[in-house]
Amino acid sequence: MKKKVMRGDVILVLGSGLLNDGSLPPRAKERVVKAVDLYKKGLANKLLMSGRHTFKLLEKPKTTEAKSMQEFAKSLGVAEEDIFIEENSMDTVGNAYFSKLFYLDPNRWKKIIIVTSDFHVKRSKFLFEKVLGQKYSLCFFGAAGVSEAELKERKLTEELKIESMKEKLKNIKKGDDVAVAKWLYELPWYKNYDQCYNN
């Protein structure tokens, strides 16, 4: 059966790391290519690139994932005025929370098309539904980028991560911004947050 696809208010692209020179690794490029394809097909007329950098980095990069994704999308023919950037998140929960805080709520964007890697869709779906709540309509697209063998291995890892996140967030109701923020800012990589780009 063919997947029913809604037209969205925005296509939200989740970051997937940076190389040492600030450019995008192949997996991140795959996500942007997928998002731009959806944009050109008319599924939404705006892109929102989400990501500062992974919390696993020891040194702060020269740019952000969101900015690099924006530049790559422009090289693929997307007008700069159609691309928004969220530069605060350092994990998937952050992608959802800061996108909601700085863009989705202020702009009343309720129909969100989310693009990530295919192995990451299930965890993203759980976390975005938890953070955004029931007032949003969500549609997920997975970009290819890993071999079948790696995909199988990553899906197993993802299942463990999902179970872990379900346990950690079990006392938070869907869409409870206060509870999500309280939990988020207790994470080591957000606890001493030095700045927010979009406030």
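The values are calculated or read from the model by the stated rules, or taken from the named source; none is laboratory data. Only a predicted model underlies this, so the values are computations on that prediction, with no experimental measurement involved. Cβ coordinates were reconstructed from backbone atoms using ideal geometry, including for glycine residues, and neighbour counts include every protein chain displayed. Each accessible area value is taken on the protein alone, full model and side chains, heavy atoms only, with ligands, DNA and RNA left out. Shrake-Rupley method; radii C 1.70, N 1.55, O 1.52, S 1.80 Å.
So here's what we get for this one:
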{"read-out": "LYS173 being loosely packed, with under 15 Cβ neighbours inside 10 Å, at pLDDT 95 or above and over 19 Å from ILE11 (Cα atoms)", "value": "yes"}
{"read-out": "Set LYS182, LYS161: member being over 19 Å from GLY8 (Cα atoms), assigned to a helix (DSSP H, G or I) and open to solvent by 90 Å² or more (accessible area, probe 1.4 Å)", "value": "LYS182"}
{"read-out": "For MET90: the one exception among (1) open to solvent by less than 10 Å² (accessible area, probe 1.4 Å); (2) touching a Phe, Trp or Tyr at 6+ places or on another chain (Cβ under 8 Å); (3) more than 13 Å from ILE11 (Cβ to Cβ)", "value": "(1)"}
{"read-out": "Restricting the range 122-147 to residues that are part of a helix (DSSP H, G or I), of a type outside the set (Asp, Glu) and open to solvent by 30 Å² or more (accessible area, probe 1.4 Å), the residue that is nearest to LYS170 (Cα to Cα)", "value": "PHE126"}
{"read-out": "Test result for SER75, open to solvent by 30 Å² or more (accessible area, probe 1.4 Å) and either closer than 19 Å to LEU24 by Cβ or touching a strand residue (DSSP E or B) at 6+ places or on another chain (Cβ under 8 Å) (or both)", "value": "yes"}
{"read-out": "Unique residue being among the hydrophobic types (A, V, I, L, M, F, W, C), within 16 Å of PHE140 (Cβ to Cβ) and surrounded by 24 or more Cβ atoms within 10 Å (Cβ to Cβ) when the list is LEU14, LEU43", "value": "LEU14"}
{"read-out": "Near pairs, Cβ below 7 angstrom, 6+ apart or cross-chain, from the range 98-127 (under 18 Å from ASP37 (Cβ atoms)) to any residue that is open to solvent by less than 10 Å² (accessible area, probe 1.4 Å) and among the hydroxyl-bearing types (Ser, Thr, Tyr)", "value": "ILE114/SER124; THR116/SER124"}
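For every residue, the table says whether it meets (1) farther than 17 Å from ASN107 by Cβ; (2) free of Cβ contacts under 8 Å to residues at least 60 places away in the same chain; (3) in contact with a helix residue (DSSP H, G or I) (Cβ under 7 Å, 6 or more places away or on another chain); (4) part of a helix (DSSP H, G or I).
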residue: VAL33; (1), (2), (3), (4): yes, no, no, yes
residue: TYR39; (1), (2), (3), (4): no, yes, no, yes
residue: ASN45; (1), (2), (3), (4): no, yes, yes, no
residue: MET49; (1), (2), (3), (4): no, yes, yes, no
residue: HIS53; (1), (2), (3), (4): yes, yes, yes, no
residue: LYS60; (1), (2), (3), (4): yes, yes, no, no
residue: LYS67; (1), (2), (3), (4): yes, yes, no, yes
residue: VAL78; (1), (2), (3), (4): yes, yes, yes, no
residue: MET90; (1), (2), (3), (4): yes, no, yes, no
